[in-house]
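Single-structure report; data block below.
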Amino acid sequence: MRNRVAVLNVLIDVVTMKEAVNAVKGFILQKKSHLVVTPNAEMIMMANKDKQLADIINNADLVVPDGAGVVWAARYQGDSMPERVAGYDLVQNLLVEATKEKYKIYMLGGAPGIAEQAKEIAQERYPGVQIVGTRNGFFTKKEEPDIISNIRACQPDILLVALGVPRQEKWLNEYKEQINVPVSIGVGGTFDVMAGVVRRAPIWMQHANLEWLFRLLSEPKRAIRMLALPRFVMKVVASKKHRM
């Protein structure tokens, strides 16, 4: 039985990193298609305006609390949420498991060359990891059947898709059954970070829940997008008052 809490009508699994990794390993054993979603505050705000995205998240097989804001919101409401399960860290943990369990990985998305760079870094960092295919995220609707055929031919256990939110979730929801991969995960900017194109916040900033500030200072053009964070906080506070 899943333990989930609602944050602004988006259902989040109450899981630790270890439990999330074990859930993915269980999905792989089942052999049928599963979708894993990694929402942060920005994605939850998007889902509050986009019913299709909200439905995809709420019907996903595993929904981990990617952002510190999501963990804060759950706790502020009085719900249990043990820790943040960042999508980037989940991918790294799964790559470790992939080397042990011989899981096959496919990387789809990012700008041309980025998935290939991320693959090279992964192979250096996790010796023996099997990355059976890569493809950039710049493709047309006409090219999709070939991409799906290629993924199927490679027979990965885990498909990592970096097309940005909400495109990656909607794309996976549309083609999940055709692709027929045990686990598909929307991973946002993970390949960019792995490839070294985008820097991640230092550990102390991550622990202090200041990753948003690091991203804003590193990429000032994100300022408009990051206005979602204060709006998210205000909406969570208002939602709690409404429930009292």
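The values are calculated or read from the model by the stated rules, or taken from the named source; none is laboratory data. All figures in this text were calculated on a predicted structure; none of them were measured in a lab. Positions of Cβ are backbone-derived with ideal geometry, glycine not excepted, and every protein chain shown enters the neighbour counts. We work out accessible area using only protein heavy atoms, side chains counted, and drop any ligands, DNA or RNA first. Shrake-Rupley method; radii C 1.70, N 1.55, O 1.52, S 1.80 Å.
Annotation note: of LYS25, LYS18, the sole residue that is more than 20 Å from SER239 (Cα to Cα), more than 15 Å from the chain's Cα centre (by Cα) and in contact (Cβ under 8 Å) with a residue 60 or more places away in the chain is LYS25.
No other residue among ASP157, ASP146 is open to solvent by 90 Å² or more (accessible area, probe 1.4 Å) and at pLDDT 95 or above apart from ASP146. Scanning segment 88-112 for residues that are assigned to a loop (DSSP other than H, G, I, E, B), open to solvent by 30 Å² or more (accessible area, probe 1.4 Å) and within 22 Å of VAL198 (Cβ to Cβ) turns up ALA111, PRO112.
Here is a yes/no grid of residues against (1) without any contact (Cβ under 8 Å) to a residue 40 or more places away in the chain; (2) in contact with a Leu (Cβ under 9 Å, 6 or more places away or on another chain):
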{"residue": "ALA41", "(1), (2)": "no, yes"}
{"residue": "MET46", "(1), (2)": "no, yes"}
{"residue": "ASP66", "(1), (2)": "yes, yes"}
{"residue": "TRP72", "(1), (2)": "no, no"}
{"residue": "ASP79", "(1), (2)": "no, no"}
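Just a yes or no: is a residue in segment 219-229 among the acidic types (Asp, Glu), at pLDDT below 85 and either open to solvent by 50 Å² or more (accessible area, probe 1.4 Å) or within 19 Å of the chain's Cα centre (by Cα) (or both)?
Initial filter on segment 219-229 (among the acidic types (Asp, Glu)): 219.
Applying the additional criterion that residues be at pLDDT below 85 yields 219.
With the extra rule that they be either open to solvent by 50 Å² or more (accessible area, probe 1.4 Å) or within 19 Å of the chain's Cα centre (by Cα) (or both), the set shrinks to none.
There is no residue in segment 219-229 that is among the acidic types (Asp, Glu), at pLDDT below 85 and either open to solvent by 50 Å² or more (accessible area, probe 1.4 Å) or within 19 Å of the chain's Cα centre (by Cα) (or both).
Note on segment 56-70: residues that are buried (at least 22 other Cβ atoms within 10 Å of the Cβ) and farther than 22 Å from LEU160 by Cβ amount to 1.
The residues of segment 29-63 that are out of contact with any Lys or Arg (no Cβ under 8 Å at 6 or more places or on another chain) and among the hydroxyl-bearing types (Ser, Thr, Tyr) amount to a single one, THR38.
Of the candidates VAL96, VAL64, the single residue that is in contact with an Asp or Glu (Cβ under 8 Å, 6 or more places away or on another chain) and at pLDDT 95 or above is VAL64.
Looking only at segment 12-26, how many residues end up being of a type outside the set (Lys, Arg) and open to solvent by 50 Å² or more (accessible area, probe 1.4 Å)? Residues flagged as of a type outside the set (Lys, Arg) and open to solvent by 50 Å² or more (accessible area, probe 1.4 Å) within segment 12-26 amount to 2. Screening ARG167 against (1) open to solvent by less than 50 Å² (accessible area, probe 1.4 Å); (2) within 24 Å of VAL63 (Cβ to Cβ); (3) among the charged types (D, E, K, R) leaves a single unmet condition, (1).
Residue under question is GLY189, and the condition is that it be within 18 Å of the chain's Cα centre (by Cα), at pLDDT below 95, surrounded by 14 or more Cβ atoms within 10 Å (Cβ to Cβ) and not aliphatic (A, V, I, L, M); does it hold? Here the answer is yes, as GLY189 does meet what is asked. Within segment 31-55, track down each residue that is open to solvent by 10 Å² or more (accessible area, probe 1.4 Å) and part of a helix (DSSP H, G or I). Selection gives GLU42, MET45, MET46, LYS51, GLN52, ALA54, ASP55.
Restricting to segment 73-87, give me the number of residues that are in a helix (DSSP H, G or I) and surrounded by fewer than 17 Cβ atoms within 10 Å (Cβ to Cβ). Steps first, answer last, please.
As a first pass, look at segment 73-87 and keep what is in a helix (DSSP H, G or I): 73-76, 87.
Subsequent filtering for residues that are surrounded by fewer than 17 Cβ atoms within 10 Å (Cβ to Cβ) retains 75-76.
The number of residues fulfilling the criteria is 2.
Does segment 141-161 hold any residues that are in contact with a strand residue (DSSP E or B) (Cβ under 7 Å, 6 or more places away or on another chain) and touching a residue at least 24 places away in the same chain (Cβ under 8 Å), and which are they? If the condition is that a residue be in contact with a strand residue (DSSP E or B) (Cβ under 7 Å, 6 or more places away or on another chain) and touching a residue at least 24 places away in the same chain (Cβ under 8 Å), then ILE147, ILE151, CYS154, GLN155, PRO156, ASP157, ILE158, LEU159, LEU160, VAL161 are the ones that fit.
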